[in-house]
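The values are calculated or read from the model by the stated rules, or taken from the named source; none is laboratory data. For clarity, every value in this text was computed on a predicted model and none was experimentally measured. Note that each Cβ is placed from the backbone with ideal geometry, even for glycine, and that neighbours are counted across all protein chains shown.
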Amino acid sequence: MKQQRIAWVDVASGILILWVMAFHAMNTSKVFGSVDVRVALPFLTFSMPWFYYKSGQFFNVDRGAAGIKKDVGKFVIPFLKWGMIGYIFYLVMHFISGTLTWKLATLNVLETFYIYGYIPINTPTWFILSLFLVRLCAYYLLKWKVSPIGSMIGGVVIGYAFHCLSCPWLPFLIANVAMGVTFFMIGYRFNKFETNKWLIAVCLIGYLGFICLGNSIVGHHRNVLLTGHFLLWPLFAYCGIVTFNNLCRLIANAFSRYIRPITFVGENAMTLLVSHALVYMPVVHFSTLTPWTTVGIIFIGYVFILVLIKFLKLKNK
């Protein structure tokens, strides 16, 4: 199938990747002390589930081996490439700090990859490896005629089991892929209902109810419960996704002449995801400034990345 840009999807993707970038800057700088930013500012905490949901929303189960090969090029190769770039930054940072050792450069890196699913220091790349595995699992589950609803329930069961067991020696990829399959299958199976006015009303009430009465938030990467109840997290995320998607549809339709900066960010969300850690990690590592000043410097670095991407796009044209 010929792919083309969908304005409201780029709006949603742009807003959420900016949130992810801001969240990483604020959380690593500890602007709220020991309180996680996702708890202090819970409004867009469904961002990671949204990206799995969107992937399921546009998934073509008939793609076959050619689709898997395409996913390798789209996800696995960038994971390795940007992981290696992050690894070089990691070595340079510790060399400058005088903390570089053989163990830090080898064993610690292998341990980080095994447990966390990324190569230091490019933390956000865990997601593209996880998404690749989710898409691979989804392809075979659907090919083998496993019900999407059964896959959703199975993913929650696995995620909840890992949450209860809390085994520090098991890779986080197992749990975040399982929960990723859940949100992917929700997008695959139920996306066609998200413009139903009754569903929108129910999800809006549910989303506002969670925000006002108490959130249930899980850090998707590490499958860690940040607040509330684990089993309510998928419900809160789904209410947020449906509400947010319809809001982005309204924005794309009503303000199409003014949203080009946001759609540009959304079009380049993958590049921003895999590159922004190369800004916030070194800045936080070396900064001796106040948390908010550190965040300000990181944001300036983010602007530089966006300008560089724009320049390269214009040069290619």
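Points worth noting:
- Within segment 250-259, the only residue that satisfies the criterion of being part of a helix (DSSP H, G or I) and either buried (at least 19 other Cβ atoms within 10 Å of the Cβ) or touching a strand residue (DSSP E or B) at 6+ places or on another chain (Cβ under 6 Å) (or both) is Ala252.
Residue by residue, here is whether (1) closer than 25 Å to Trp19 by Cα; (2) assigned to a helix (DSSP H, G or I); (3) touching a strand residue (DSSP E or B) at 6+ places or on another chain (Cβ under 8 Å); (4) in contact (Cβ under 8 Å) with a residue 12 or more places away in the chain holds:
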{"residue": "Leu80", "(1), (2), (3), (4)": "yes, yes, no, no"}
{"residue": "Gly83", "(1), (2), (3), (4)": "yes, yes, no, yes"}
{"residue": "His94", "(1), (2), (3), (4)": "no, yes, no, no"}
{"residue": "Pro124", "(1), (2), (3), (4)": "yes, yes, no, yes"}
{"residue": "Leu136", "(1), (2), (3), (4)": "no, yes, no, yes"}
{"residue": "Ser151", "(1), (2), (3), (4)": "no, yes, no, yes"}
{"residue": "Gly155", "(1), (2), (3), (4)": "no, yes, no, yes"}
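- Filtered residues of segment 18-53 (kept if crowded, with 22+ Cβ neighbours inside 10 Å and within 24 Å of Phe190 (Cα to Cα)): Thr45, Phe46, Ser47, Met48, Pro49, Trp50, Phe51, Tyr52, Tyr53
- Pairs with Cβ under 6 Å, 6+ apart, first in segment 40-53 and free of Cβ contacts under 8 Å to residues at least 40 places away in the same chain, second part of a helix (DSSP H, G or I): Ser47/Leu16; Ser47/Trp19; Ser47/Val20
- Positions within segment 218-231 being of a type in the set (Val, Ile, Thr) and either farther than 15 Å from Gly180 by Cα or surrounded by fewer than 17 Cβ atoms within 10 Å (Cβ to Cβ) (or both), in sequence order: Val224, Thr227
- Annotation: of all residues in segment 1-17 being in contact (Cβ under 8 Å) with a residue 60 or more places away in the chain and of a type in the set (D, E, K, R), the one that is surrounded by the fewest Cβ atoms within 10 Å (Cβ to Cβ) is Arg5.
- The requirement of being closer than 30 Å to Met84 by Cα and of a type in the set (S, T, N, Q) is not satisfied by Thr290.
- Residue check, Tyr90 surrounded by fewer than 21 Cβ atoms within 10 Å (Cβ to Cβ), of a type in the set (Ser, Thr, Tyr) and out of contact with any Leu (no Cβ under 8 Å at 6 or more places or on another chain): no
- Phe210 in contact with a helix residue (DSSP H, G or I) (Cβ under 9 Å, 6 or more places away or on another chain), part of a helix (DSSP H, G or I), closer than 25 Å to Tyr160 by Cα and at pLDDT 95 or above: yes
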